[in-house]
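Chemist: Below is the structure I would like to discuss, written out as structure tokens.
The values are calculated or read from the model by the stated rules, or taken from the named source; none is laboratory data. Here the structure is a predicted model, which means the values were calculated and not measured. Every residue, glycine among them, receives a Cβ derived from its backbone with ideal geometry; neighbour counts consider all protein chains shown. All accessible areas refer to the heavy atoms of the entire protein, side chains included, with ligands and DNA or RNA removed. Shrake-Rupley method; radii C 1.70, N 1.55, O 1.52, S 1.80 Å.
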Amino acid sequence: MRDIMRILFLISGNNVPSSRFRILNYLPYLRKSGIEYTVLASYPEKYDHIRWLGYRLSFLLKYFIRYLHFLYASLKRFDIVFIERELFDHKNCHLELLFTGRFSKTVLDIDDAIFLRYPEKFRVLAEKVNLLIVGNQNLFEEARKHNDKAQLLPTSVITSKYPVKDYSVPQSDKPIIGWTGLDINILNLNLITNALKRLAEKHKFLLCIISETPDPILNLSLTNVDVRHIAWNQETEYQDLAAFDIGIMPLEDDEWSRFKCGLKLLQYMALGIPAVASPVGVNAEIIEQEQNGFLASTEEEWYEILQHLLITPELRESVGLRGRKTVEEKFDVAKNSLLMKQYLEQVIDGSVK
């Protein structure tokens, strides 16, 4: 009989998307399967800083906290140390190597192209860990160059937490086109501002942007578009998203974007609303055109697709519900937790293939 598996998860922060969707969402399912775990998060969160300390001192504090985490882990018995993404957004990998050197079973999980930012750091870590888990096929192909034991675990959502759009309720005469994401990604909306302005000349709609702050919206040219900002709040996230009628994900076709995992696209689809996205990276794999969503490349394509969805509620319903089914079948945490558990067991057994 297998002993209880004990895992130490080192995460970027409780509010960081990669931590939430790649690690934290899986924990209840791992617990139910008998796995014990400890979660230690960066403080401050990996991409954050304490204002009165400044960036430099905040980084030193993060480093000190992580070193305390290493000392704590050294005094405990963990079967696996699981590093989410990387410990620091920095080329240095000294602390990561302390963990991989101290513990015989280590896992690295990535959901972005960190090898583009710090290629040497990624190479060293990828070759050191027992297992490299990645969020999509493009990442998998790159990961296999450095670790032949790389495995694919699609970024997923807890589908049951997303309320399905109730299409039996009379539709508003002012549908909501929605976008959610990090502040730094709001500028991707510049790719479709002309299409949105053209739409606003003919149709009533509200553009709802959910992000940490409204500041980047000021850099968008949306003079005649009715825009509402909602501050992202983990407590109200699902409720806020549920107000959308159409979800959008314009994305610059660059090297970094081609490795992204399509999280916001999956969130829209989980709500049972139609999603419109740029055909970049995994987006083109998730969406089957006009079946479970829409792909748009040019301004004219964005305009035509959004216009058709605005004036055709029954199309929104049919495509949106098929999108929900796609997420339930392929991108649901409850199902993919079995894959996560399998990978962890293979690390323990030394049988990762």
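Chemist: Before anything else, pin down the relative contact order of region 192-298: Cα pairs under 8 Å, at least 6 apart, normalised by residue count, whole percent.
Modeler: Numbers: 130 pairs, mean separation 21.2, N = 107.
Relative contact order, region 192-298: 20 percent.
Chemist: Identify the GluC sites (Glu not before Pro) of region 255-353 meeting these criteria: DSSP loop state and at most 11 other C-beta atoms within 10 Å of the C-beta. Provide the component values of the computation, followed by the final result.
Modeler: Working: sites: Glu255, Glu285, Glu288, Glu290, Glu299, Glu300, Glu301, Glu304, Glu314, Glu317, Glu328, Glu329, Glu345; in loops: Glu255, Glu288, Glu290.
Sites meeting the loop and neighbour criteria: Glu255.
Chemist: Could you identify which residue out of Lys32, Lys330, Lys204 has the top mean-square fluctuation in a GNM of the chain using Cα springs shorter than 10 Å?
Modeler: Residue with maximal mean-square fluctuation among Lys32, Lys330, Lys204: Lys32.
Chemist: Using the structure shown, select from Lys174/Lys260; Lys32/Lys330; Lys165/Lys335; Lys76/Lys145; Lys161/Lys202 the pairs with a Cα to Cα distance greater than 30 angstrom.
Modeler: Over 30 Å apart, Cα to Cα: Lys174/Lys260; Lys76/Lys145; Lys161/Lys202.
Chemist: What are the ³J(HN,Hα) couplings of region 13-27, residue after residue, when phi is run through the Karplus curve with 6.51, -1.76, 1.60 and θ = phi - 60°? Round to Hz, x for glycine and proline.
Modeler: x, 5, 9, 7, x, 4, 5, 5, 8, 9, 10, 4, 5, 7, 4
Chemist: Could you work out the relative contact order of region 273-342, using alpha carbon pairs under 8 angstrom and six or more residues apart, expressed as a whole percent?
Modeler: Working: 61 pairs, mean separation 25.3, N = 70.
After rounding, I find 36 percent.
Chemist: Under DSSP H, which helices of the chain have Cα atoms covering 27 Å or more of the helix axis and a Kyte-Doolittle average no less than 0.0? Please report the intermediate quantities before stating the final value.
Modeler: On the way: long enough: 54-75 (32 Å, 0.65).
Counting only whole DSSP H runs, the qualifying helices are 54-75.
Chemist: At 222 nm, what helix-only mean residue ellipticity would the chain give, in deg cm²/dmol to the nearest 500, using -39500 (n - 2.57) for each DSSP H run of four or more? Don't skip to the answer; put the middle values down first.
Modeler: Values: 14 runs with 139 residues, N = 353.
When only DSSP H runs of four or more count, the value is -11500 deg cm²/dmol.
Chemist: 5 Å is the cut-off here: which amide hydrogens, built 1.01 Å from N in the peptide plane, fall below it relative to Ile133, excluding neighbours closer than 5 in sequence?
Modeler: The answer is Leu108, Asp109, Ile110, Gln151.
Chemist: Oh, and also: So which GluC sites (Glu not before Pro) in region 205-245 are both in a DSSP loop and have at most 10 other Cβ atoms within 10 Å of their Cβ? Display every interim value, and only then the final one.
Modeler: Numbers: sites: Glu212, Glu235, Glu237; in loops: Glu212, Glu235.
Passing both the DSSP loop test and the Cβ count: Glu235.
Chemist: With just the Cα atoms defining each centre, how far is region 166-241 from region 25-47? Give it in Å.
Modeler: 32 Å
Chemist: Also: Apply the Karplus parameterisation 6.51 cos²θ - 1.76 cosθ + 1.60, with θ equal to phi minus 60°, to every residue of region 239-246 and state each ³J(HN,Hα) to the nearest whole Hz, in sequence, with x for glycine and proline.
Modeler: So the Karplus estimates, Gly and Pro as x, are 4, 5, 5, 5, 6, 5, 9, 9 Hz.
Chemist: Ser33 versus Ile348, label points 7 Å from Cα toward the beta carbon: distance in nm?
Modeler: 1.0 nm
Chemist: If each residue of separation counts as 0.36 nm, what is the full-extension length gain between Arg117 and Phe64 once their alpha-carbon separation is subtracted?
Modeler: Working: separation 53, 0.36 × 53 = 19.08 nm, distance 2.35 nm.
Full-extension gain reported as 16.7 nm.
Chemist: Follow-up. Return the single residue from Leu125, Leu207, Leu182 with maximal mean-square fluctuation; model: Gaussian network over the chain, springs between Cα atoms under 10 Å.
Modeler: Taking springs between Cα atoms under 10 Å, the residue moving most is Leu182.
Chemist: Please compute the contact order of region 34-148 in relative form: average sequence separation of alpha-carbon pairs under 8 Å and at least six residues apart, divided by the residue count, as a percent.
Modeler: Details: 118 pairs, mean separation 22.1, N = 115.
Rounded, it is 19 percent for region 34-148.
Chemist: Right, next: If amide hydrogens are placed 1.01 Å from N in the peptide plane, which non-local residues have theirs closer than 5 Å to the one on His49?
Modeler: Those qualifying (amide H under 5 Å, at least 5 residues apart or on another chain) number zero.
Chemist: So, one more: Scale the Cα Rg of the chain by the rule-of-thumb value 2.2 N^0.38 Å and send over the ratio, two decimals. Intermediate results must be reported in sequence, preceding the final value.
Modeler: Values: Rg = 21.2 Å, N = 353, 2.2 N^0.38 = 20.4 Å.
Normalised by 2.2 N^0.38 Å, the Cα Rg of the chain equals 1.04.
Chemist: Something else: I'd like the carbon and sulfur percentage of the solvent accessible area for region 197-353, probe radius 1.4 Å, heavy atoms only, ligands and nucleic acids excluded.
Modeler: 47 percent
Chemist: Something else: Give me the number: length gained by fully extending Gln239 to Asp148, i.e. 0.36 nm times residue separation minus the C-alpha to C-alpha distance, one decimal in nm.
Modeler: Working: separation 91, 0.36 × 91 = 32.76 nm, distance 4.17 nm.
Computed gain between Gln239 and Asp148 is 28.6 nm.
Chemist: Any chance you could run the full-extension gain for Thr312 through Ile50? It's 0.36 nm times the residue separation minus the Cα-Cα distance, nm to one decimal.
Modeler: 89.6 nm
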